[in-house]
Amino acid sequence: MSRLKDMRGFTLVELMITVALLAIVATIAVPNFVQFIRNNQVQAKADELKTLLQYARGQAAMTRKAYEVDTTTTAWEVKPQGGTAERKLEFNTAQAKPLTNPNNLKLIFTANGMASPAAKVTVCRDTDFANGYLLEVKSSGVVKMYARGYKDDSAKLTTCAP
């Protein structure tokens with residue numbers, strides 16, 4: 001016959017309390033985690049776009065040839081002017097969508113690294129401008145990415161349009 005001191009385990013009440021606490025924590029954590037994933041997808045695509053633009057500028061300066069970034073296709077392409085694409089960047093528009101100003105942009109980096117025309121690009125998920133990124137390509141060729149949700153160093157984005 002078993003004695004009370006030999007019994008081990010949890011009671012049904014203890015297990016039910018643990019399951020209830022886990023359900024409460026999951027209810028709180030899952031929406032925040034989903035938003036965290038979405039924000040990271042947008043940030044990753046903005047970082048990739050900045051890297052692509054910097055690559056185009058670097059190639060133009062290194063090879064002493066004009067390079068263009070063609071945004072008119074579904075995938076952004078970097079190519080020597082009049083040549084074939086060296087790099088492509090595709091966008092899953094359900095995760096992050098780029099918008100350019102001017103529209104249908106063909107950005108040219110000259111042999112000295114200058115950009116023509118100066119341009120702005122926003123990367124947002126749907127219309128969530130508060131978590132979007134603005135990239136600015138200046139005439140000097142410098143590519144600047146502002147902090148999440150900002151259109152310059154102090155003012156916040158109010159729309160996903162650049």
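Taken together, the values in this text are just the output of simple stated rules run on the coordinates, not laboratory data. Since the structure is predicted, the reported quantities are computational estimates derived from the model, not experimental observations. Please note: Cβ atoms are built from the backbone with ideal geometry, for glycine as well, and neighbour counts cover all protein chains shown.
Here is how the numbers come out for the structure above:
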{"item": "Debye intensity ratio in log₁₀ form over the Cα atoms of the chain, taken at each q of 0.17 Å⁻¹", "result": "-0.97"}
{"item": "Most mobile of LEU107, LEU21, LEU99 in a GNM of the chain (Cα contacts under 10 Å)", "result": "LEU21"}
{"item": "Projected label distance in nm at PHE10 and ASP126, using a 7 Å step from Cα toward the beta-carbon", "result": "3.7 nm"}
{"item": "At R0 = 25 Å, FRET efficiency that the Cβ-Cβ distance of PHE91 and ASN39 yields, to 0.05", "result": "0.90"}
{"item": "19 Å reach of a label modelled at LYS144, 7 Å along Cα-to-Cβ, counting backbone N of region 105-121", "result": "113-121"}
{"item": "Net lengthening on full extension, LEU22/LYS65 (0.36 nm per residue, minus Cα-Cα)", "result": "9.5 nm"}
{"item": "Cross-link partners of LYS151 among lysines (Cα-Cα below 19 Å; sequence separation of 8 or more within a chain)", "result": "LYS45, LYS50, LYS97, LYS120, LYS138"}
{"item": "For region 7-47 and region 117-142, distance of Cα centres in Å", "result": "34 Å"}
{"item": "Where labels lie 7 Å past Cα in the beta-carbon direction, separation of LYS106 and THR73 in nm", "result": "1.3 nm"}
